[in-house]
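A.B. asks: I am attaching a structure below and will ask some questions about it afterwards.
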Amino acid sequence: DPIGQADHQRTDTFKIDELTSDLIDRCIFRLAEKNIEISKIGSPNQIVTSDRNLLNQVLTNLITNAEDALSQIVQDEKRISIEWKSKDGWIEISVRDNGHGIPETITTRVLDLGYSTKAEGDGIGLTFCSKTMQQLHGYLEIAEPDSHCGTVVTLYLPCVEN
């Protein structure tokens, strides 16, 4: 069960900067072939206590979704960014792209199991991300559509005293 696999999570303490650097290293050449630039913005010392593997899977899925969305459009600059900050007891990690965004008519449906906007999609990805964030004692939020910013998906994890 890909949705329930987060039941046996580990707890790791790690820097978000290191996790995002590893993610970018794994996908930068594939993205470059599609003329998509990827970057990260956040404190290099921001530490999170969570299951690194599960958080990596969620971020990988969000980057893949952004890549797929940007691959479907024609524009000169295609960008994905991973941004993080600590705010009000939460660590916020956002994945944003500068594509067309998720149409307002389907924003409420994209987290439904089995719903996909992709011709060959299975509708598991965002549901997995949302359920995994719940398992990690956090949550996922998709920003309201905005014609100037593409799609923004933000992950919220509770800050843990170290």
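The values are calculated or read from the model by the stated rules, or taken from the named source; none is laboratory data. No experiment lies behind these values; they were computed from the predicted model shown. When we count neighbours, we look across all protein chains shown, and the Cβ atoms used for this are built from the backbone with ideal geometry, even at glycine. Ligands, DNA and RNA are excluded from the accessible area calculation, which covers all protein heavy atoms including side chains. Shrake-Rupley method; radii C 1.70, N 1.55, O 1.52, S 1.80 Å.
A.B. asks: Please go through the stretch 57-101 and pick out each residue that is more than 22 Å from SER43 (Cβ to Cβ), hydrophobic (A, V, I, L, M, F, W, C) and open to solvent by 40 Å² or more (accessible area, probe 1.4 Å).
C.D. replies: ALA69, VAL74
A.B. asks: Go through (1) open to solvent by 60 Å² or more (accessible area, probe 1.4 Å); (2) out of contact with any strand residue (DSSP E or B) (no Cβ under 8 Å at 6 or more places or on another chain); (3) within 19 Å of THR132 (Cβ to Cβ) for THR105 and report which single condition fails.
C.D. replies: (3)
A.B. asks: Also, quick follow-up: If you check every pair at least six apart or on different chains, which have Cβ atoms under 7 Å apart with a residue in the stretch 88-102 that is under 16 Å from ILE36 (Cα atoms) and of a type in the set (D, E, K, R) first and a residue that is modelled with pLDDT under 90 and surrounded by fewer than 19 Cβ atoms within 10 Å (Cβ to Cβ) second?
C.D. replies: That search, which allows pairs on different chains as well, returns ARG96/CYS149.
A.B. asks: Please enumerate the residues belonging to the stretch 108-162 that are modelled with pLDDT of 90 or more and surrounded by fewer than 16 Cβ atoms within 10 Å (Cβ to Cβ).
C.D. replies: GLN134, HIS137, TYR139, GLU141, PRO158
A.B. asks: Does ILE3 count as at pLDDT below 95 and under 30 Å from SER71 (Cα atoms)? Outline the logic, then answer.
C.D. replies: Values: at pLDDT below 95: yes; under 30 Å from SER71 (Cα atoms): yes.
Yes; evaluated as a whole, the condition is true for this residue.
A.B. asks: Of the residues that make up the stretch 28-45, is at least one within 21 Å of TYR139 (Cβ to Cβ) and either at pLDDT 95 or above or open to solvent by less than 90 Å² (accessible area, probe 1.4 Å) (or both)?
C.D. replies: Step one: list which residues in the stretch 28-45 are within 21 Å of TYR139 (Cβ to Cβ), which gives 42.
Filter once more, keeping what is either at pLDDT 95 or above or open to solvent by less than 90 Å² (accessible area, probe 1.4 Å) (or both): 42.
Looking through the stretch 28-45, at least one residue is within 21 Å of TYR139 (Cβ to Cβ) and either at pLDDT 95 or above or open to solvent by less than 90 Å² (accessible area, probe 1.4 Å) (or both).
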